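S.K.: Let me begin by handing over the structure; questions about it come next.
Just so it is clear, none of the values below were taken in a lab; they were calculated from the coordinates. All values reported here derive from a predicted model rather than from experimental measurement. Counting neighbours? That spans all protein chains shown, and the Cβs are built from the backbone with ideal geometry, glycine included.
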Amino acid sequence: MDGRKHRWFILGASVIPLIAVLGAMALLWNKVFSWSDVVVLVIMYAISGFGISTGYHRMLTHRSFETYKPIRVALATAGVMAGQGPPLIWAAHHRKHHRVADKEGDPHSPHLDFEPGFKGTMAGLWHAHLGWLFNINLTSDPMRYCPDLVREKPLRWLSENLLLVVAASVVLPGLIAFGITGGSVQAGLTGMLWGGLVRIFLINHMTYAVNSIGHVFGRRRFETTDESRNVAWLSIPSFGEAWHNNHHAFPRSARHGMKWYEIDLSAILIWSLEKTHLAWKVVRIDPERMTMREANISRVSGSSLDKKELLESQQKLAPMAERGRDSDTSLVDVE
Ligand SMILES: [Zn+2]
Ligand SMILES: [Zn+2]
C-alpha cells in the first residue's frame, strides 16, 4: 500500500464509520437495535482492541513478549481488523513516535508548531488525534523503522491485503448476528453496522485519543523527555494503553498499568498467555528501578529531599540509568 492509497484508506476508515454512526443513530431512533447488535459490538470491539493493543503495539512494535507463530499472526490479523492501516506502517509510525516523542519529526505530537492558548491546544489535539494521518509529507519507512517486521511474510501479506481483512471484519459480525438470531437477515445487516462500522469508529477514536489526550491531559508519574500522561478514565476502553506516561517511561514493558489499581486488560491477556505457556520472554520492569525512577521526578521538581539525600539518590540512580540505556530508554528498547 503506497502513501496515496494509505491516506485514502485512513480517510475512508474515519469517514465511512462516522456516517455509519449517524445511520445507526437513525435506526436506533426507530428502535431497530437488538441484543444481537450489542453482542457483536462487544465481541468485535474486544477482538480489534486486543489486536491493536496486544498485537500491533506491545507484540509487534515493542517486542514486549514472544509467542507461537499462529498466535502472532492471529493477533496481527485482529489488529488489521481495527482499520488503522497495515501493521508495517503502524509499527513504523509508532517507533518513530517513541524515538522523537513531542520533538521535531514526531508523526503525531500535539505540541509542535501550535500557538499557545486554547486555539493552539485544540489544533494540536486535532493534529495528534486524526489530522496527522492526512499529512501528505508524512512517511515512516518500514524498511528503516521496522526491518525486523518487514522480514515476516504473514505481516507483509496482511499489509498488502488490508482491505480484504477489514471487509471480512465487517461481514463477520453480520454472520455471527445472523447465526445467533436463528437466521434473521435484519439482525445480520444491523450486526454488520454495529459490530463492523460503528465498532471501527469507536476503536479508532479510542486509539487516537491515547495519542492526543494522552500527551496533553492527565497525570505524569515519571519524568520523561516527552509530554506523555496517564489517563485513568481511558484505561479500560483502551485496553490499558492510556497508562501512556508509564509506557513512555518503560516502552518495552508488557504491562502499562504499573500499580495494582491501574487496570490493564492487555497485560492480563499477556499474563494469561504466559501462564498457559503460550507466551514467553515477557518484559518486566524491576520494581526497585521503577520506584527510583518515580523518585527522580520529585527530585527534579524540587521536593523535600535535602542535599545529602539528593546525593545518595543520584548515586543510586546512576547505575540504573546505565542499565536503562540498554533496556528502557534507548532506541534499542523501542524497537
Ligand atoms: Zn506517546
Ligand atoms: Zn508505544
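S.K.: What nm value, rounded to one decimal, do you get for the distance between K281 and L164 when each label is placed 7 Å out toward the C-beta?
M.R.: Label at K281, label at L164, 2.9 nm between them.
S.K.: If N is the number of residues in the range 210-292, what value comes out of its Cα radius of gyration divided by 2.2 N^0.38 Å?
M.R.: Output field value: 1.08.
S.K.: Among the listed pairs K259/K281; K153/K281; K103/K281; K96/K259; K5/K119; K69/K275, which are separated by more than 25 Å between their Cα atoms?
M.R.: K103/K281; K96/K259; K5/K119
S.K.: Order 276-286, 241-251 from most to least packed using the mean count of other Cβ atoms within 10 Å.
M.R.: Taking the mean over residues of other Cβ atoms within 10 Å, the ranking is 241-251, 276-286.
S.K.: Please give the FRET efficiency for L18 paired with V185, using the beta carbon to beta carbon distance and R0 = 25 Å, rounded to the nearest 0.05.
M.R.: About 0.45, to the nearest 0.05.
S.K.: Continuing with the same structure: Out of the trypsin sites (Lys or Arg not before Pro) in the range 77-141, which ones are loop residues according to DSSP with at most 15 other C-beta atoms within 10 Å?
M.R.: Details: sites: R95, K96, R99, K103, K119; in loops: K103.
Within the range 77-141, the qualifying trypsin sites (Lys or Arg not before Pro) (loop, at most 15 other Cβ atoms within 10 Å) are K103.
S.K.: For the range 1-157, what does the convex hull of the Cα positions come to per residue, in cubic angstrom? It would help to have the intermediate numbers written out before the result.
M.R.: Details: hull volume 22.1 nm³, N = 157.
Taking only Cα atoms, the range 1-157 has a hull volume of 141 Å³ per residue.
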